[in-house]
Amino acid sequence: MNGIDWLRTLHTKQILTIKNDYSQYFLYCGYIIYNNGDFPPDSGIKITYEELKQVLSERPHVPNKAETKRIRQQAAKQKVRSYQSSK
C-alpha cells in the first residue's frame, strides 16, 4: 500500500493532525516516513506533502472555530422553539 491509498483510509481530522505535527519535516525533506504502530517496527509508510495535499483537496471543507461559531449562531436564529408564538 502506498502513501496516498493509506491516507484515503484515514479520517480528515487524522490527516490534518499529521499535516500540523510534521509540517517542519515536509518543508525540509518533502516527505516523512510515518509509523503510528500499524506497521512493523523500523518501517512505516512514505507520505509526500503532495499526496497529503491531494487527499485533503478531495475532502469537504472543515470549518475553523470562527466559522463553526457563525454556523451555530445562524442555526439558532432560524430555530423555532415550541414556546414561541407562531406570529
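The values are calculated or read from the model by the stated rules, or taken from the named source; none is laboratory data. Computed from a predicted model, the values in this text were never measured in an experiment. Please note: Cβ atoms are built from the backbone with ideal geometry, for glycine as well, and neighbour counts cover all protein chains shown. Side chains are part of the model used for accessible areas, which takes the heavy atoms of the whole protein and leaves out ligands, DNA and RNA. Shrake-Rupley method; radii C 1.70, N 1.55, O 1.52, S 1.80 Å.
When region 10-53 is filtered for residues that are under 14 Å from the mean Cα position of the chain (by Cα), free of Cβ contacts under 8 Å to residues at least 24 places away in the same chain and loosely packed, with under 10 Cβ neighbours inside 10 Å, the ones remaining, listed by number, are His11, Asn20. On inspection, Asp5 fails the criterion of being at negative phi, open to solvent by 60 Å² or more (accessible area, probe 1.4 Å), among the acidic types (Asp, Glu) and not in a helix (DSSP H, G or I).
For Lys65, state whether it is touching a residue at least 12 places away in the same chain (Cβ under 8 Å) and open to solvent by 80 Å² or more (accessible area, probe 1.4 Å).
Numbers: touching a residue at least 12 places away in the same chain (Cβ under 8 Å): no; open to solvent by 80 Å² or more (accessible area, probe 1.4 Å): yes.
No; evaluated as a whole, the condition is false for this residue.
Do you know which of the residues in region 37-75 that are of a type in the set (Asp, Glu) and assigned to a loop (DSSP other than H, G, I, E, B) is farthest from Gln24 (Cα to Cα)? Filtering first and then ranking leaves Asp38.
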